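The structure under discussion appears below in the form of structure tokens.
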Amino acid sequence: MKHLTAILWLSLCSATAVAQAPVAHSNLFAIGRVRQLDTYLSPLEYRGTQFSYINETERPLRLMARRVQFQSTLQLDISTSQPASDKATYLGGNIGYAASLHYRFLGTPSGTLPQDGYSRFTLMAGPQLTTDIGGLYNTRNGNNPAQAYLSANLAASVVAGYTFRLRRMPISLRDQLDIPLIGAMFTPAYGQSYYEIFELESSDHNIRAIHPFNAPSLTNRLTLDLPLRHTTMRLGYIIDVRQSDVNSLRRHAYNHAFMIGWIRYINILPPQRYATAK
């Protein structure tokens, strides 16, 4: 918990940091296939479509010679899926937030092109704090028709990229891999209803620790940035794997989707330069 508190404190403080390099804001829309299993609701796997919106902000900080970057990611998911041999439907939704601190081993800050003496390759890594809240509703179930999801994780995040020119046009290829390492999640026990948990106040280890052995998960985002006249188009592909086997209940949600959106770079002047500009 001390490590989680320290990461959260650094993430919140970083919002007030002022940097000379551009701040990158991106908005992405994704659509793809999803496979869902939640044995609390049904023993069957459901397959369908998931829509996502991803908002991301990246800014360099005044830490370690400006080699540390803060990344904030908000993701909204809506899904609908059905089993192969049933007329039931899963309706799902999730809101996830991630705050990351990346140390840049190679390359230049986001939004700046490689100059002489800098590598065209970018390599960054660091800790990430994630939180998720959501749920899944089964239209067929009369008893226990819904399942709620709530979790928090400390994850490892790695970013690798390459910037090149195509007919004088700078193009950036980037891949980010996030792997949760340790955290906690809310879950009912096998056969336990939400009425028992909240009305009868009968808890049964409903807050459980999670780690790669009982909840192996990962998120991988591959993106390609193509500069346009006043903005930059971002194309991408996301693989999102969420699994858990806790309290005798198994759950997984496998999503892969194509992304499209745009990214804007905003230059922020340090206080002394702003005064001079005025």
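Summary table
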read-out	value
Any hit, region 210-217, residues being closer than 29 Å to Ser42 by Cα, modelled with pLDDT under 90 and surrounded by fewer than 13 Cβ atoms within 10 Å (Cβ to Cβ)	no
Of residues in region 123-143 being modelled with pLDDT of 90 or more and over 15 Å from Gln71 (Cα atoms), the one nearest to the chain's Cα centre (by Cα)	Asp132
Region 65-82 - residue that is of a type outside the set (A, V, I, L, M) and closer than 12 Å to Ser100 by Cβ and, of those, surrounded by the fewest Cβ atoms within 10 Å (Cβ to Cβ)	Ser72
Test set (1) of a type in the set (A, V, I, L, M); (2) surrounded by 16 or more Cβ atoms within 10 Å (Cβ to Cβ); (3) at pLDDT below 80 - Ala189 fails condition number	(3)
Tabulated pairs, region 205-226, first free of Cβ contacts under 8 Å to residues at least 60 places away in the same chain and farther than 30 Å from Arg167 by Cα, second in a loop (DSSP other than H, G, I, E, B) and among the hydroxyl-bearing types (Ser, Thr, Tyr), C-beta under 9 angstrom, 6+ apart or interchain	His205/Thr187; Asn206/Thr187; Ile207/Thr187; Arg208/Thr187; Ile210/Ser217
Restricting region 192-209 to residues that are in a loop (DSSP other than H, G, I, E, B) and of a type outside the set (A, V, I, L, M, F, W, C), the residue that is surrounded by the fewest Cβ atoms within 10 Å (Cβ to Cβ)	Glu201
Tally, over region 247-258, of residues that are farther than 21 Å from Leu177 by Cα, buried (at least 17 other Cβ atoms within 10 Å of the Cβ) and of a type outside the set (S, T, N, Q)	2
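The values are calculated or read from the model by the stated rules, or taken from the named source; none is laboratory data. From a predicted model like this one, the values you see are computed outputs, not experimental measurements. All Cβ positions, even for glycine, are placed from backbone atoms using ideal geometry, and neighbour counts span all protein chains on display.
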